[in-house]
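J.: The structure's right below; bear with me while I get my questions together.
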Amino acid sequence: PEDTVTSSFASFIHAARPEHLSQTVRQRSKRMILDSIGVGLVGSTTRVFDIALRYCRELYSSVAVSSVYGKPGLKLSPTLAAFTNGVATHSMDFDDTWHPATHPSGAVLPALLAASQMLPPNTKPNGLDFLLAFNVGLEVQGRLMHFSTEAHDIPKRFHPPSVVGTLGSAAATAKLLSLSSAQCCHALGIAASLAGAPMANAATQAKPLHVGNATRLGLEAALLAARGMEANPLILDDIPGCSGFSAFYSVYQPKPLSTPGEHHEFLLEKQDIAFKRFPAHLGMHWVVDAALSVRNLFINYAGSFCPSLIRTIMLKIPVSKYINRPFPSSEHQARHSFQFNACAALLDGEVGLGSFSESSIHRQELRELLDKVVVEHPEDNMANFDKMYGEVALLLHSGDVLTGKCDTFYGHWRKPLSEESLLKKFRSNASHVLPEEKIEAIIALVDNLETLSDSSQL
């Protein structure tokens, strides 16, 4: 059928060209690619990554052509490499975040890296083709999230990258493989049948599987479409009495996607991405910056940070059940706990990779701070990454009250990381598994991605 929402998306994927990417979009997306590789590399040191990798190596055997983060010389089949690298990317919740809420890079980049290595030597996409496919995957995710007002708030029912990320991966891979418009349409339909994961698995080792599956299953959807598999050509349309993509949203109002060109502006042009400074749920970054602010006030007040002077720690945060965790007992719970991240910042003056170690989580002095935390949910503090704030108040035994508040943390799309900060984060993450010369080589490759003749070199 012509003139449908689904067909417009398929036409967009098929018609997008490198010249449609503005310099702003190119530069922002290259920053995303570099950051995502870095968090994938450091993520390859985690236990959940080891579980996923062992699963792939032990249960599957196939033509191994695609590389795995942090494992020189090891290759897996393209779909399993995408899955494993997707798990690595989200294993610490260190990957980028967009608004409406999702983790866009981790759902797309591993599929494209794997597919680039899969293709025969004479058909390898160049760096500009790769960059275009990456941005097509981002655009599809962003447009889908704008179809429902529900998507603008911190999620409650399903984890967004497991839904929009799966279709974004399918779109990106379909573009990289140069599928026809009809095949792109079927790839989206197939991906919709492979999408979805519940929020109840947040703060567990299963959550990184959401991103691993999104990138892998989107790749598989594109490969199946390339081989002739068909799906509902109206999958993105709102058809009364028969749910397609609307099955994931209580309110769903899809709109056609314009053909790329002079009348189309990529969403990445309008809004930058949030890059995380430490490995935890995005909401934690507000309370950490607020806690660091009030910590400085407390040191000026008392001369040093002295927890015994504190009677109550008041957190003013939005209502979101899965990140309101008073006493987390594991690293994944700690990454999703307003209380833990506020107290860790107060106690240590920073939050970093080491903050979520077993020994750090179970410190007696941290537990004593957690015992003092009281939570409030002001009506004006909405569970929305574009509107929320974090406030940390210290009520002292003396009767004095010290308060720190953060409306926009450093790294948010309204307050982007500087190039220096982004490179510092990448070098730190990559140094866990790569020598310096390879780290600098990756930085140079991404920076000059448009000129790369073979994107599989990445």
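J.: Restrict the check to region 57-64 and report whether at least one residue is outside any loop (DSSP other than H, G, I, E, B) and within 30 Å of SER421 (Cβ to Cβ). Can you show your working first?
T.: Filtering region 57-64 for residues outside any loop (DSSP other than H, G, I, E, B) gives 57-59.
Then drop every residue that is not within 30 Å of SER421 (Cβ to Cβ), which leaves none.
So far as region 57-64 goes, no, none of its residues is outside any loop (DSSP other than H, G, I, E, B) and within 30 Å of SER421 (Cβ to Cβ).
J.: Look through region 147-165, keep the residues that are among the β-branched types (Val, Ile, Thr) and surrounded by fewer than 24 Cβ atoms within 10 Å (Cβ to Cβ), and return whichever of them is farthest from ASN324 (Cα to Cα).
T.: The qualifying residue farthest from ASN324 (Cα to Cα) is THR149.
J.: Name, by its number, the condition in (1) open to solvent by 10 Å² or more (accessible area, probe 1.4 Å); (2) within 19 Å of ALA133 (Cβ to Cβ) that does not hold for ALA82.
T.: For ALA82, the exception is condition (1).
J.: Yes or no: region 135-146 includes at least one residue that is among the charged types (D, E, K, R), under 22 Å from ALA52 (Cα atoms) and open to solvent by less than 10 Å² (accessible area, probe 1.4 Å). If you could, list the steps in order and put the result at the bottom.
T.: Of the residues in region 135-146, the ones among the charged types (D, E, K, R) are 139, 143.
Checking the rest, the ones that are also under 22 Å from ALA52 (Cα atoms) come to none.
Checked against the condition, which is being among the charged types (D, E, K, R), under 22 Å from ALA52 (Cα atoms) and open to solvent by less than 10 Å² (accessible area, probe 1.4 Å), region 135-146 yields no hits at all.
J.: Also, I was wondering about something else. Kindly indicate the residue of region 254-301 that is among the β-branched types (Val, Ile, Thr) and either under 25 Å from the mean Cα position of the chain (by Cα) or not in a helix (DSSP H, G or I) (or both) and also surrounded by the most Cβ atoms within 10 Å (Cβ to Cβ) among those meeting that condition. Quick ask: steps written out before the conclusion?
T.: Narrowing region 254-301 to residues among the β-branched types (Val, Ile, Thr): 259, 273, 287-288, 294, 299.
When the remaining residues are screened for being either under 25 Å from the mean Cα position of the chain (by Cα) or not in a helix (DSSP H, G or I) (or both), the result is 259, 273, 287-288.
Details: THR259: 15, ILE273: 23, VAL287: 30, VAL288: 26.
By that ranking, first place goes to VAL287.
J.: Just to be sure, is ALA10 assigned to a helix (DSSP H, G or I), open to solvent by less than 10 Å² (accessible area, probe 1.4 Å), free of Cβ contacts under 8 Å to residues at least 40 places away in the same chain and assigned by the TED database to the domain that holds ALA111?
T.: no
J.: Among the residues that make up region 85-106, is at least one of them aliphatic (A, V, I, L, M), in contact with a strand residue (DSSP E or B) (Cβ under 9 Å, 6 or more places away or on another chain), part of a helix (DSSP H, G or I) and modelled with pLDDT of 95 or more?
T.: To start, the set of residues in region 85-106 that are aliphatic (A, V, I, L, M) comprises 87-88, 92, 101.
Still in the running and in contact with a strand residue (DSSP E or B) (Cβ under 9 Å, 6 or more places away or on another chain): none.
The answer is no, given that none of the residues of region 85-106 is aliphatic (A, V, I, L, M), in contact with a strand residue (DSSP E or B) (Cβ under 9 Å, 6 or more places away or on another chain), part of a helix (DSSP H, G or I) and modelled with pLDDT of 95 or more.
J.: Any idea how many residues of region 423-448 are open to solvent by 70 Å² or more (accessible area, probe 1.4 Å) and among the β-branched types (Val, Ile, Thr)?
T.: Here the count works out to 0.
J.: List the strands (runs of 3 or more DSSP E) inside region 363-421, counting only whole elements, that have at least 2 residues being at pLDDT 95 or above and β-branched (Val, Ile, Thr). Give the steps one after another, and end with the answer.
T.: On the way: elements: 373-376, 390-396, 401-406.
In region 363-421, the matching strands (runs of 3 or more DSSP E) lie at 373-376, 401-406.
Rundown of residues vs (1) crowded, with 18+ Cβ neighbours inside 10 Å; (2) in the same structural domain as GLN23 (by the TED database); (3) more than 19 Å from the chain's Cα centre (by Cα), yes/no style:
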| position | (1), (2), (3) |
| --- | --- |
| GLU379 | no, no, yes |
| PHE385 | yes, no, no |
| HIS397 | no, no, yes |
| SER421 | no, yes, no |
| GLU450 | no, yes, yes |
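J.: So LEU347 passes all but one of these: (1) open to solvent by 20 Å² or more (accessible area, probe 1.4 Å); (2) closer than 16 Å to VAL48 by Cβ; (3) among the aliphatic types (A, V, I, L, M). Which condition number does it fail?
T.: For LEU347, the exception is condition (2).
J.: Does region 318-327 hold any residues that are open to solvent by less than 30 Å² (accessible area, probe 1.4 Å) and over 12 Å from HIS281 (Cβ atoms), and which are they?
T.: Selection gives PRO318 alone.
J.: Looking only at residues in region 166-209 that are crowded, with 24+ Cβ neighbours inside 10 Å and among the β-branched types (Val, Ile, Thr), which one is farthest from the chain's Cα centre (by Cα)?
T.: Per the criteria, the residue is ILE190.
J.: Another one. Go through (1) touching a residue at least 60 places away in the same chain (Cβ under 8 Å); (2) assigned by the TED database to the domain that holds SER308; (3) among the small types (Gly, Ala, Ser); (4) surrounded by 13 or more Cβ atoms within 10 Å (Cβ to Cβ) and name the single condition SER360 misses.
T.: In the conditions (1) touching a residue at least 60 places away in the same chain (Cβ under 8 Å); (2) assigned by the TED database to the domain that holds SER308; (3) among the small types (Gly, Ala, Ser); (4) surrounded by 13 or more Cβ atoms within 10 Å (Cβ to Cβ), SER360 misses (1) alone.
J.: Another question, if that's okay. Any residue at all in region 31-54 that's crowded, with 18+ Cβ neighbours inside 10 Å and acidic (Asp, Glu)? Full working, then the answer.
T.: So in region 31-54, the residues crowded, with 18+ Cβ neighbours inside 10 Å come out as 31-44, 46, 48-49, 52-53.
Checking the rest, the ones that are also acidic (Asp, Glu) come to 35.
Yes, some residue in region 31-54 is crowded, with 18+ Cβ neighbours inside 10 Å and acidic (Asp, Glu).
J.: One residue is enough: does region 135-153 have a residue meeting the conditions of a type in the set (Lys, Arg) and modelled with pLDDT under 95?
T.: No, there is no match, as no residue in region 135-153 is of a type in the set (Lys, Arg) and modelled with pLDDT under 95.
The values are calculated or read from the model by the stated rules, or taken from the named source; none is laboratory data. These numbers were taken from a predicted model, which means no experiment stands behind them. When we count neighbours, we look across all protein chains shown, and the Cβ atoms used for this are built from the backbone with ideal geometry, even at glycine. Heads up: the accessible areas ignore ligands, DNA and RNA and are worked out on the full protein's heavy atoms, side chains in. Shrake-Rupley method; radii C 1.70, N 1.55, O 1.52, S 1.80 Å.
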